[in-house]
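Peer 1: I'd like to ask some things about the structure below.
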Amino acid sequence: MSSSAGEQRMNPAPLPGGQLQGQIALVTGATAFIGRAIALELARRGAHVIVNGRNPEAGQAVINEIAANGYCAAFEQADLTHSDAVRAMVDRVAERHGRLDILVASGAGASADSPSFRLFKEMSNGDFDNYIRAHWLTRAFAIQAAARVMALHGRGKIVAVGTDAGRVATVGESFIGGATAGMMQMCRVLARELGRDGIRVNAVAMSYIWDAEPRWGPGSPALEGGHGKGMIENLRKRMLFPVHCQDIANAAAFLAGPESDAITGQTLSVNGGLSTPG
């Protein structure tokens, strides 16, 4: 059986009656942590997953993991901060598979080189641009490209992944939160606009993720400076329940699946009770 470049097939064995059986799903920023967990979960539920990232080796590792479990995946390289690259990637997916059913817009805002937490007084003009590009425009570029393809077929599910700082005031995250709040409001508006094309748009918000400590834990570049000291320990103490990458993946998969067909324009916070945004 032939396959496209970067794709592996190893006796696909989706869950019996998998809710996403046969659907084409693109997960951006899917080479590590939350994006990786989402890609694996969508594959487990029967979707053919397109794994996006900037590093082909990291992408291949995720594809190998998906294939080892008997599911299908392919890799598409694109830098999410460049709209032309994102549009070209989505067009390639649509040309290869004939459609795009699901987009989970993740990544960039939670990557190793994303802008760090910083007090507002310490920021430069360049920081402002970086926060907006990483936490908002990366989602906007992917959503716009995907929506254009989905509208041709009269259906689609879009899930944007962001931070609860967009819903709850958090010291050191004025522009992270501001950019994410803009992204979430964009999703609410798009739920109205794109609903006419049969497209549902929702978001998942997260806070501290227990099994992503190589990125968020002590020693992370994102936590350098006075504000970062003790931040993680305080978050852990305030959380009622731990949250792992898989919990975010489960929420994203729910919003991508048929059980959420009556839901659009909503933001689901998965934060272990750290906060209760309205």
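The values are calculated or read from the model by the stated rules, or taken from the named source; none is laboratory data. The model shown is predicted, which means the values in this text are computed figures rather than measured ones. Don't worry about glycine lacking a Cβ; one is built from the backbone with ideal geometry, like all the others, and counts go over all protein chains shown.
Peer 1: Could you figure out which of (1) touching a His at 6+ places or on another chain (Cβ under 7 Å); (2) buried (at least 23 other Cβ atoms within 10 Å of the Cβ); (3) over 23 Å from Tyr208 (Cβ atoms) isn't true of Cys72?
Peer 2: For Cys72, the exception is condition (2).
Peer 1: If you take the residues in region 239-264 that are polar (S, T, N, Q) and surrounded by fewer than 20 Cβ atoms within 10 Å (Cβ to Cβ), which one is farthest from Thr163 (Cα to Cα)?
Peer 2: Ser260
Let's see how each residue does on (1) over 14 Å from the mean Cα position of the chain (by Cα); (2) over 21 Å from Arg139 (Cβ atoms):
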position: Gly22; (1), (2): yes, yes
position: Glu41; (1), (2): no, no
position: Val49; (1), (2): no, no
position: Pro56; (1), (2): yes, yes
position: Ser83; (1), (2): yes, no
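Peer 1: If I ask for residues that are of a type in the set (Ser, Thr, Tyr) and under 27 Å from Met239 (Cα atoms), which ones from region 249-272 would you list?
Peer 2: Answer for region 249-272, where residues must be of a type in the set (Ser, Thr, Tyr) and under 27 Å from Met239 (Cα atoms): Ser260, Thr267, Ser269.
Peer 1: A follow-up question, please. Six or more apart or on different chains, Cβ atoms under 6 Å: show the pairs whose first residue is in region 158-183 and under 21 Å from Leu194 (Cβ atoms) and whose second is surrounded by 19 or more Cβ atoms within 10 Å (Cβ to Cβ) and polar (S, T, N, Q).
Peer 2: Listed by first residue and then by second, the contacts come to Val159/Asn202; Val161/Ser106; Gly162/Thr180; Gly166/Thr180; Thr180/Thr163.
Peer 1: Exactly one condition in (1) hydrophobic (A, V, I, L, M, F, W, C); (2) modelled with pLDDT of 95 or more; (3) farther than 20 Å from Gly257 by Cα is not met by Leu42; state its number.
Peer 2: (3)
Peer 1: Looking only at region 117-158, which residues are of a type in the set (Phe, Trp, Tyr), in contact with a Gly (Cβ under 8 Å, 6 or more places away or on another chain) and assigned to a helix (DSSP H, G or I)?
Peer 2: Of everything in region 117-158, those that are of a type in the set (Phe, Trp, Tyr), in contact with a Gly (Cβ under 8 Å, 6 or more places away or on another chain) and assigned to a helix (DSSP H, G or I) turn out to be Tyr131, Trp136.
Peer 1: Here's another thing I want to ask about it. Is there any pair linking a residue in region 248-260 that is closer than 12 Å to Arg200 by Cβ to one that is of a type in the set (Val, Ile, Thr) and crowded, with 19+ Cβ neighbours inside 10 Å, with Cβ under 8 Å and at least six apart or on different chains, and which?
Peer 2: Leu255/Val159; Leu255/Val204; Ala256/Ile102; Ala256/Val104; Ala256/Val159
Peer 1: Turning to a different aspect of this structure: Can you find a residue that is within 24 Å of Ala249 (Cα to Cα), of a type in the set (Val, Ile, Thr), at pLDDT 95 or above and assigned to a strand (DSSP E or B) anywhere in region 189-199?
Peer 2: yes
Peer 1: Oh, and also: Considering only residues that are over 24 Å from Asp247 (Cα atoms) and modelled with pLDDT of 95 or more, which ones fall in region 200-235?
Peer 2: Scanning region 200-235 gives no hits.
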